[in-house]
1. Six or more apart or on different chains, Cβ under 6 Å: which pairs go from a residue in segment 52-79 that's free of Cβ contacts under 8 Å to residues at least 40 places away in the same chain to one that's assigned to a loop (DSSP other than H, G, I, E, B) and among the polar types (S, T, N, Q)? Could you list them?
2. How many of the residues in segment 57-95 are buried (at least 18 other Cβ atoms within 10 Å of the Cβ), among the hydrophobic types (A, V, I, L, M, F, W, C) and not in a helix (DSSP H, G or I)?
3. Regarding ALA233, is this residue more than 18 Å from the chain's Cα centre (by Cα) and surrounded by 18 or more Cβ atoms within 10 Å (Cβ to Cβ)?
4. Condition first: closer than 17 Å to ALA246 by Cα and of a type in the set (S, T, N, Q). Now tell me which residues in segment 76-94 satisfy that.
5. When only residues in segment 125-155 that are among the hydrophobic types (A, V, I, L, M, F, W, C) and part of a loop (DSSP other than H, G, I, E, B) count, which is surrounded by the most Cβ atoms within 10 Å (Cβ to Cβ)?
6. Report, by residue number, each residue of segment 256-277 that is touching a residue at least 60 places away in the same chain (Cβ under 8 Å), in a loop (DSSP other than H, G, I, E, B) and open to solvent by less than 50 Å² (accessible area, probe 1.4 Å).
7. Out of the residues in segment 3-39 that are under 11 Å from ALA53 (Cα atoms) and open to solvent by less than 10 Å² (accessible area, probe 1.4 Å), state the one that is farthest from the chain's Cα centre (by Cα).
8. Picking from LYS191, LYS250, which residue would you name as being among the charged types (D, E, K, R), crowded, with 20+ Cβ neighbours inside 10 Å and touching a residue at least 40 places away in the same chain (Cβ under 8 Å)?
Amino acid sequence: MKLASLNDGTRDGKLVVVSKDLTRYCAADNIAPTMQAALDNWSECGPKLEVLARDVEHEAVPCERFHEREAHSPLPRAYQWADGSAYINHVELVRKARGAEIPESFYTDPLMYQGGSDGFLPPRADIPLADVAWGCDMEGEIAVVVDDVPMGVSVADAANHIKLVMLVNDVSLRGLIPGELAKGFGFFQSKPASAFSPVSVTPDELGSAWKNSLVHLPLMVDYNGEPFGRAQAGEDATFNLAQLVAHAAKTRSLCAGSIIGSGTVSNQGPEGDPGKPVSEGGRGYSCIAEIRMIETIRDGEPSTRFMEPGDTVRVEMRDEDGHSIFGSIEQEVVAHP
């Protein structure tokens, strides 16, 4: 099943069921007016939405044309957005470039920060940037949405609470991160609004690609119209998404509609090396920081700049037949006055 929230001018959008080929939709307001309302009562709304999804596929209900540009993020705002770091290769690269060791605990205890969730960007909205010196970067990631998760949930049970999967561009301001981390209190200003894919899908929609609470498909990141990242999201994950959900719920319950992110999808090279850019036959990178770290390790300084007004990023994932699963996040950086 594929669900989206049309950007109808309201804060939370209008819940719709989208066809598998992303061409048609049917409003679901007779079941739940918004995505959050459906998640609040998923045990009742979920099966009804599944029936509507089957009707949409069989064209048994009136449908309208689905345009990705009219969609908001599936949850335009959420009660909680917590982003982990499933792919430790990303952390290793960042720390290695500045000569820092990786604590052993990083391999057994996930990193996670709590981001701002009071408002997300639509998947086709511009990324506002007030100062180029802030070092604007994209981060291609996978995210899951849960129903109500009890405190202390096991990893096995956490997997059953994952109701939706989507993509995210977790925008980061790299120039602000060091100063914030030096305070010892974590990210805040360095993590502006993120954008999620036009469509969210139930795990069963991914078929065999959803295995061990990971999506076993390449995450496609294009930068200024050129392939930048093709990392395999099912490989090199130190933690899966169920483990991240369980980690988030260790000391607190998670309310329905909470979003948990994977962190930047990142692969090692074939020999355990940092890997190569797509242009050189590698899988590339899901953020600019990684290639800058590799340049720093290799050359002593980075040569790839961070994003500036006019730069564009596209994040998408396709199934084995080449069909878009979630639609695409397509954003341009613009100067904010």
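1. VAL56/SER19
2. 8
3. Numbers: more than 18 Å from the chain's Cα centre (by Cα): no; surrounded by 18 or more Cβ atoms within 10 Å (Cβ to Cβ): yes.
No; evaluated as a whole, the condition is false for this residue.
4. GLN80, SER85
5. From segment 125-155, those among the hydrophobic types (A, V, I, L, M, F, W, C) are 125, 127, 129-130, 132-134, 136, 138, 142-146, 149, 151, 153, 155; that's our starting set.
Adding the requirement that they be part of a loop (DSSP other than H, G, I, E, B) leaves 125, 130, 138, 151, 153.
Details: ALA125: 19, ALA130: 12, MET138: 31, MET151: 10, VAL153: 21.
Out of the qualifying residues, it is MET138.
6. If we filter segment 256-277 for residues that are touching a residue at least 60 places away in the same chain (Cβ under 8 Å), which is where we start, we get 256-268, 274.
Next, from what is left, pick out any that are in a loop (DSSP other than H, G, I, E, B): 256-258, 262-268, 274.
Passing the criteria: ALA256, GLY257, SER258, SER262, GLY263, THR264, VAL265, SER266, ASN267, PRO274.
7. Selected residue: ALA28.
8. Numbers: LYS250 fails: crowded, with 20+ Cβ neighbours inside 10 Å.
Unique residue meeting the criteria: LYS191.
The values are calculated or read from the model by the stated rules, or taken from the named source; none is laboratory data. A quick note: this is a predicted structure, and the numbers were derived from the prediction, not measured. We place every Cβ from the backbone using ideal geometry, glycine too, and count neighbours over all the protein chains shown. With ligands, DNA and RNA removed, areas are computed over all heavy atoms of the protein, side chains included. Shrake-Rupley method; radii C 1.70, N 1.55, O 1.52, S 1.80 Å.
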